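Below is one structure, written out as structure tokens; the observations come after it.
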Amino acid sequence: MKKIIALLSLLVIVMSCKEDKKEEVVTPEKEMTKMEKNLSKYVSFKLTADLSGLTENERQMLPLLIQAADKMNELFWYESYGDKNALLNSISDENTKKYVTINYGPWDRLDGNSSFVEGIGEKPAGANFYPKDMTKEEFDAADIENKSSIYNFVRRNENGTLFSIPYHKQFEKEVKVVSDLLKQASELAEDAGLKTYLELRSQALLDDDYQKSDLAWMDMKTNTLDIVIGPIETYEDQMFGNKAAHEGYVLIKDQEWSKRLAKFSAYLPELQVGLPVDEKYKQETPGTDSDLNAYDVVYYAGDCNSGSKTIAINLPNDEEVQLQKGTRRLQLKNAMRAKFDKILMPIADELIEESQRQHITFDAFFANTMFHEVAHGLGIKNTINGKGTVRTSLKEHASALEEGKADILGLYMIQQLHAKGELEEDLKDNMVTFMAGIFRSVRFGASSAHGKANMIRFNFFKEKGAFSRNENGTYKVNFDKMETAMEDLSNLILTLQGNGDYEGVANLVAEKGIISPELQADLDRLTEANIPVDVIFEQGTKALGL
């Protein structure tokens, strides 16, 4: 009997162990679909700001400015793709619809504008600014009114002849709504400069004459609220780099941070003289009326909200305004912090040698980004040989080279200001953070001007020995060689710009604007580690608690 009881006890124990083991079996995680992987490239971030310092009128203005900016989404959709609703209605998968919305079309902006919607081919180089079947040669030979204007579409009539239509005619109903909203906001504005700017910008949207409002925007000094709105950057036109796309930012100035930054623009003329390039390429004098301010951005719309998000602004782009007044540099502090915490730091932990990770700091990231924008004011805006402006002579390559110039001259400015004792932080912080920043921006892909600029710089620095790659796949900055490489690349870019050397820039992009298999493998590690490429925003009046 005892034997039977013992045997039964043993069976109970065995069965119990089997049941325990069954409970411990972990169901394998469901593998993500391709579209889920695409969506995971972005991490969500809530755009908020401290509204306690706003007046009652300013609190009433904010929703009006957000409504005006939001209308830029509709206009940019047309410029980027065409009929948004027709595209979305043709797609049944909800994740694909979400990704289409992020990209303002069926092409992946973080993957060289590759198509991710079945049945849709390559993105036209000219987006929807030109007829999709138009060639460069046909455009060059055509007799089109206001041919060089950055504020019109090129279309084909029933006979096949090319003609142009101004933005304010194509978008007549839409811009009237935006104009009225800005006019309402101007009536609430207590700051005289902001009031004037909103009135002039309201009119500019109705006739595409933006220079007066650009000048008024430069004259604003004491405003707390701000809005950047209209057709501004030409990145979307990758055929000629000439047509401006609509976008909108709504901003709240951080007065305390802005006071700290105010002094740096005054150094521009002095830094221009010291640029590492022949005298003939630095004869222009940068405007000294430039502002350098820190903001919390509370709304993105249109071009600036597509794919990789801007974290600093340098405007206006009008060369005449730049030479007369300089530019304003707006550092978007809250968006910058989002990218540093959620993207740059995880990248550094994966790709920067452990001994140098101490040099990755938010202050260095802020400074590198800030001086990138300031550096847009350095160098040359007009070619030295009668080829016109740098932008028009370099065409579709102008934006990528200009972003490359701003990156490298921004670091040059930091180096020079360190030498003058104006910056006290360790220059090594800026260099290592700059290196980590290259990995962050290269992931934006070849469709982005910033992505191309970073690919060129990475390959140029590699050639010059500015960094080395360890056996474990981490990178180490070689500080002395990086300083030399900075000067050499600055010289090359400024010379190409000053000469309006389209062929030279095209060769530089072709040779160095590429991702090597080794670098791609390292970038793939970031994806495998689930490190996002960029951010998407929870934004608007609800996010602000209005």
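The values are calculated or read from the model by the stated rules, or taken from the named source; none is laboratory data. Computed from a prediction, not measured in an experiment: that's the story for all the values here. A quick note on method: Cβ atoms are made from the backbone with ideal geometry, for glycine too, and the neighbour counts reach across all protein chains shown.
Being under 24 Å from P106 (Cα atoms) and without any contact (Cβ under 8 Å) to a residue 24 or more places away in the chain narrows it down to one of E122, E174, so name that one.
E122
On the given criteria, is L110 part of a loop (DSSP other than H, G, I, E, B) and touching a residue at least 12 places away in the same chain (Cβ under 8 Å)?
So L110 fits the description; yes.
Within the range 310-341, restricting attention to residues that are within 25 Å of Y42 (Cα to Cα) and among the basic types (K, R), which residue is surrounded by the fewest Cβ atoms within 10 Å (Cβ to Cβ)?
R337
Could you list, in sequence order, all residues of the range 139-179 that are surrounded by 14 or more Cβ atoms within 10 Å (Cβ to Cβ) and assigned to a helix (DSSP H, G or I)?
Correct list: F139, Y167, H168, Q170, E174, V175, V177, V178, S179.
Taking E425 as meeting all but one of (1) of a type in the set (D, E); (2) at pLDDT 90 or above; (3) under 21 Å from N478 (Cβ atoms), write down the number of the exception.
Unmet for E425, out of (1) of a type in the set (D, E); (2) at pLDDT 90 or above; (3) under 21 Å from N478 (Cβ atoms): (2).
So that you can scan it fast, the table gives a plain yes or no per residue for (1) under 25 Å from Q415 (Cα atoms); (2) free of Cβ contacts under 8 Å to residues at least 40 places away in the same chain:
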site	(1), (2)
E279	yes, yes
K309	no, no
G326	yes, no
N334	no, no
F340	yes, yes
L344	yes, no
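Just to be sure, is E284 over 18 Å from R201 (Cβ atoms), among the charged types (D, E, K, R), over 22 Å from the mean Cα position of the chain (by Cα) and in a loop (DSSP other than H, G, I, E, B)?
yes
Is it the case that some residue within the range 461-468 is in contact with a helix residue (DSSP H, G or I) (Cβ under 6 Å, 6 or more places away or on another chain), touching a residue at least 60 places away in the same chain (Cβ under 8 Å), of a type in the set (A, V, I, L, M, F, W, C) and not in a helix (DSSP H, G or I)?
Within the range 461-468, none of the residues are in contact with a helix residue (DSSP H, G or I) (Cβ under 6 Å, 6 or more places away or on another chain), touching a residue at least 60 places away in the same chain (Cβ under 8 Å), of a type in the set (A, V, I, L, M, F, W, C) and not in a helix (DSSP H, G or I).
Going by the conditions given, is Y99 touching a residue at least 12 places away in the same chain (Cβ under 8 Å), over 20 Å from T33 (Cα atoms) and either among the charged types (D, E, K, R) or buried (at least 18 other Cβ atoms within 10 Å of the Cβ) (or both)?
no
For every residue, the table says whether it meets (1) among the charged types (D, E, K, R); (2) in a helix (DSSP H, G or I); (3) in contact (Cβ under 8 Å) with a residue 24 or more places away in the chain; (4) in contact with a Ser or Thr (Cβ under 8 Å, 6 or more places away or on another chain).
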position	(1), (2), (3), (4)
E483	yes, yes, yes, no
A510	no, yes, no, no
L519	no, yes, yes, no
P532	no, no, yes, yes
V535	no, no, yes, yes
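Of all the residues that make up the range 355-395, how many are under 21 Å from N242 (Cα atoms) and in contact with a Phe, Trp or Tyr (Cβ under 6 Å, 6 or more places away or on another chain)?
Residues flagged as under 21 Å from N242 (Cα atoms) and in contact with a Phe, Trp or Tyr (Cβ under 6 Å, 6 or more places away or on another chain) within the range 355-395 amount to 3.
Any residue at all in the range 397-414 that is over 21 Å from F458 (Cβ atoms) and either over 18 Å from the mean Cα position of the chain (by Cα) or at pLDDT below 90 (or both)?
no
Return yes or no: is S213 of a type in the set (S, T, Y) and buried (at least 21 other Cβ atoms within 10 Å of the Cβ)?
In short, yes.
Within the range 189-224, count every residue that is closer than 18 Å to T55 by Cβ and in a loop (DSSP other than H, G, I, E, B).
Residues that pass the stated criteria total 8.
Taking the range 50-66 on its own, how many of its residues are surrounded by 21 or more Cβ atoms within 10 Å (Cβ to Cβ) and either modelled with pLDDT under 95 or within 23 Å of K169 (Cα to Cα) (or both)?
Of the residues in the range 50-66, 1 are surrounded by 21 or more Cβ atoms within 10 Å (Cβ to Cβ) and either modelled with pLDDT under 95 or within 23 Å of K169 (Cα to Cα) (or both).
Take the residues in the range 243-282 that are surrounded by fewer than 20 Cβ atoms within 10 Å (Cβ to Cβ) and of a type in the set (S, T, N, Q); name whichever of them is farthest from G379 (Cα to Cα).
Q255
Residue-wise test of (1) within 23 Å of the chain's Cα centre (by Cα); (2) closer than 26 Å to F240 by Cα.
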site: G53; (1), (2): no, no
site: E58; (1), (2): no, no
site: L65; (1), (2): yes, no
site: Y78; (1), (2): yes, yes
site: N89; (1), (2): no, no
site: S92; (1), (2): no, no
site: G105; (1), (2): yes, yes
site: G126; (1), (2): yes, yes
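Any chance the range 352-359 includes a residue that's without any contact (Cβ under 8 Å) to a residue 60 or more places away in the chain, more than 19 Å from N478 (Cα to Cα) and assigned to a helix (DSSP H, G or I)?
no
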